[in-house]
Amino acid sequence: MIRVGNDWQPFFDEEQAKPYYLQLRQFLKREYSTKRIYPPMDEIFTAFRLTGFADTKVIIVGQDPYHEEGQAMGLSFSVHEDTDEPPSLRNIHQEIIAEGVEQGAWSRDLTRWAEQGVLLLNSTLTVEAHRAASHAGRGWETLTDTAIKALGDDPRPKVFMLWGSYARSKKALISQPVHLILESPHPSPLSASRGFFGNGHFLRCNEFLRSTGQSPIIW
């Protein structure tokens with residue numbers, strides 16, 4: 001049974017009783033018992049544990065976890081501090097510096113963002129070692145799309161950062177016009193120079209948060 005310890009719990013109580021999640025759970029039991037799967041089982045729901053529903057001000061949508069040793073930690077784009085910085089995260093940091101937005105001490109572990117209300121949500125929450133997207137289509141997307149829709153239906157103003165065509169496809173789940181939806185190419189080296197760099201998302205996010213009476217994110 002999933003225990004997240006905050007106001008996401010009713011959401012999980014409902015979802016984990018549904019047939020799709022019961023099938024997903026059986027699949028994960030087999031995968032974790034026979035293969036190397038990331039992140040560790042106790043870190044799968046880190047994003048939800050660190051950022052409660054009512055505390056969520058910003059949603060950054062990723063696709064699936066990093067699939068190399070020691071990287072995935074349950075937060076999109078984030079890695080443990082003692083691992084190499086992935087290129088996408090390096091490009092995110094470069095854009096933050098260029099925008100001159102509020103910054104704390106930089107860490108490749110983005111827990112500090114999550115604790116400020118940034119939900120770092122991958123669409124797929126697990127992956128087999130060295131096999132990108134290997135757990136796509138197994139049920140995770142149903143869970144995370146439902147979470148995005150719940151946030152999008154909530155009338156409290158939020159910022160949705162959708163980077164790349166996959167994340168941008170989630171725009172249809174966001175119903176309330178009070179939210180700010182920021183779209184651009186993905187920060188990966190393949191696409192960052194085609195519109196991620198210079199998108200101004202971090203600055204625009206904080207301007208929106210201030211305009212709606214919320215504290216800005218210290219990036």
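The values are calculated or read from the model by the stated rules, or taken from the named source; none is laboratory data. It should be emphasised that the depicted structure is a prediction, and the values quoted were computed from it without experimental measurement. Positions of Cβ are backbone-derived with ideal geometry, glycine not excepted, and every protein chain shown enters the neighbour counts. Areas reflect the complete protein model, heavy atoms only, side chains present, ligands, DNA and RNA absent. Shrake-Rupley method; radii C 1.70, N 1.55, O 1.52, S 1.80 Å.
Listed values, structure above:
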| read-out | value |
| --- | --- |
| Members of the range 54-76 found to be under 20 Å from K171 (Cβ atoms) and either of a type in the set (D, E, K, R) or part of a loop (DSSP other than H, G, I, E, B) (or both), listed by number | T56, K57, Q63, D64, S76 |
| Criterion violated by D42 - all others in (1) closer than 25 Å to Q214 by Cβ; (2) loosely packed, with under 12 Cβ neighbours inside 10 Å satisfied | (1) |
| Residues of the range 32-47 satisfying the condition of being of a type outside the set (F, W, Y) and part of a helix (DSSP H, G or I) | S33, T34, M41, D42, E43, T46, A47 |
| Residues that are part of a loop (DSSP other than H, G, I, E, B) and either at positive phi or among the polar types (S, T, N, Q) (or both), drawn from the range 120-168 | S123, T124, T126, H130, A133, S134, G137, G139 |
| From the options G137, G117, G62, G70, residue that is within 22 Å of H201 (Cα to Cα), among the small types (G, A, S) and either open to solvent by 20 Å² or more (accessible area, probe 1.4 Å) or more than 11 Å from the chain's Cα centre (by Cα) (or both) | G117 |
| Residue in the range 180-187 that is touching a Pro at 6+ places or on another chain (Cβ under 9 Å) and open to solvent by 70 Å² or more (accessible area, probe 1.4 Å) present | no |
| Among (1) assigned to a helix (DSSP H, G or I); (2) open to solvent by less than 20 Å² (accessible area, probe 1.4 Å); (3) not hydroxyl-bearing (S, T, Y), the one test that K29 misses | (2) |
| Condition met for R138 (touching a Leu at 6+ places or on another chain (Cβ under 7 Å), under 15 Å from D64 (Cα atoms) and free of Cβ contacts under 8 Å to residues at least 24 places away in the same chain) | no |
